[in-house]
Structure formats: C-alpha cells, structure tokens
Amino acid sequence: MSDKTLQRALKELVEREFLEVSKQGFKSQCTLYALTCYPIGDFGGKIDLRPTSKPSDKWKKHRPPTA
C-alpha cells in the first residue's frame, strides 16, 4: 500500500468518524488514532483525549452527505 493510499484511507475513516486523532504527530512522532467503538483508556496524559468509560460511538451518528 502506498503512503498516499494510507493517508487517503485514514482521512476517510476520520471524516466518517470511525477514528479520531488521539495524539497529533509531528517531526518523527506518529499520529495516534482511537477507534470510536471503544472507550478511551487512561494513558497518563500521553494522549490528547480524556479517558472515557463508554465509547463515543460517533461512527453510528455519522450521516453521509446528500448529493
């Protein structure tokens, strides 16, 4: 898989709210993603999202744009 294909797939998954960015990468650090079908764990401040006891389930609420 090319980098371009991977970036396009990640962008689409974030837009459709299956994934959310849990820590934005920079320089030599990777961007971390969280699945919205699982709760966010406590990572001791190592990610930008707060821990949750329930999943956000944002993917269930996403509605595709109408043409």
Legend entry - Amide hydrogen neighbours beyond the local backbone of residue 22, cut-off 5 Å, H modeled: 32, 33, 34
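Residue separation times 0.36 nm, minus the C-alpha to C-alpha distance between residue 15 and residue 66: what's the value? Each step should come with its number before you reach the end.
Values: separation 51, 0.36 × 51 = 18.36 nm, distance 1.47 nm.
My answer for the length gained is 16.9 nm.
In a shell of Cβ-Cβ distance under 15 Å around residue 61, excluding residue 61 itself, what net charge do Lys and Arg (+1) and Asp and Glu (-1) give? Could the numbers behind the result be given before it?
Values: positive: 16, 54, 58, 60, 63; negative: 15, 17, 20, 57.
The answer is +1.
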Legend entry - Read-out log10 I(q)/I(0) by the Debye sum over Cα atoms at q = 0.12, 0.16, 0.26, 0.27 Å⁻¹, derived from the coordinates shown; its label in (1) -0.30, -0.51, -1.13, -1.20; (2) -0.37, -0.63, -1.18, -1.21; (3) -0.25, -0.46, -1.31, -1.43: (2)
Inset, instruction - Using the number of other C-beta atoms within 10 angstrom as an exposure proxy, rank 38, 33 with the fewest first. - result: 38, 33
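Readers should treat all values here as calculations from the given coordinates under stated rules, not as data from a laboratory. Given the structure is predicted, the values throughout are model-derived calculations rather than measurements. All Cβ positions, glycine included, derive from the backbone under ideal geometry; neighbour counts span all protein chains shown.
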